[in-house]
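Shown next, in structure tokens, is the structure this report addresses.
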Amino acid sequence: MKKFYLKNYKVIHHIFTLVMFIFALSLVGLKEIFFTSIPFAIMILAINYFIVKFCLKESGIDTEVEKQLKNIENKKESK
């Protein structure tokens, strides 16, 4: 499970944040706009992409994931 997360962490975080955006829009009452307005949906997707990319970089998850994957590879090679 850990290896699955490490290989797919960006996808997992993008999907989770997009779901949070849609939930927040539904709380405000704009959920219908997201599903009916293509320019608005594209704008939300673009904003989501850049926010997640920035947050992953600033939190240090990118470097930690690379380090963990190298540790797993080293353990696999040593056996």
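Read the figures in this text as sums done on the coordinates, not as results from a lab. Here the structure is a predicted model, which means the values were calculated and not measured. Cβ: placed from backbone, ideal geometry, glycine included. Neighbour counts: every protein chain shown.
If you go through the stretch 48-64, how many residues are within 19 Å of Thr17 (Cα to Cα) and either surrounded by 13 or more Cβ atoms within 10 Å (Cβ to Cβ) or of a type in the set (Ser, Thr, Tyr) (or both)? Before you say what the answer is, go through the steps one by one.
Narrowing the stretch 48-64 to residues within 19 Å of Thr17 (Cα to Cα): 48-62.
Filter once more, so that each one left must be either surrounded by 13 or more Cβ atoms within 10 Å (Cβ to Cβ) or of a type in the set (Ser, Thr, Tyr) (or both): 48-49, 51-53, 56, 59, 61-62.
Matching residues across the stretch 48-64 total 9.
Condition check ((1) farther than 30 Å from Leu6 by Cα; (2) touching a residue at least 24 places away in the same chain (Cβ under 8 Å); (3) of a type in the set (Asp, Glu)) across all residues:
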{"site": "Val19", "(1), (2), (3)": "no, no, no"}
{"site": "Phe23", "(1), (2), (3)": "no, no, no"}
{"site": "Leu27", "(1), (2), (3)": "yes, no, no"}
{"site": "Thr36", "(1), (2), (3)": "yes, no, no"}
{"site": "Met43", "(1), (2), (3)": "no, no, no"}
{"site": "Ala46", "(1), (2), (3)": "no, no, no"}
{"site": "Tyr49", "(1), (2), (3)": "no, yes, no"}
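Give the stretch 1-42 a look and list any residue that's of a type in the set (D, E, K, R), over 18 Å from Lys57 (Cα atoms) and within 17 Å of the chain's Cα centre (by Cα), or say none. Full working, then the answer.
If we filter the stretch 1-42 for residues that are of a type in the set (D, E, K, R), which is where we start, we get 2-3, 7, 10, 31-32.
Adding the requirement that they be over 18 Å from Lys57 (Cα atoms) leaves 2-3, 31-32.
Selection gives Lys2, Lys3.
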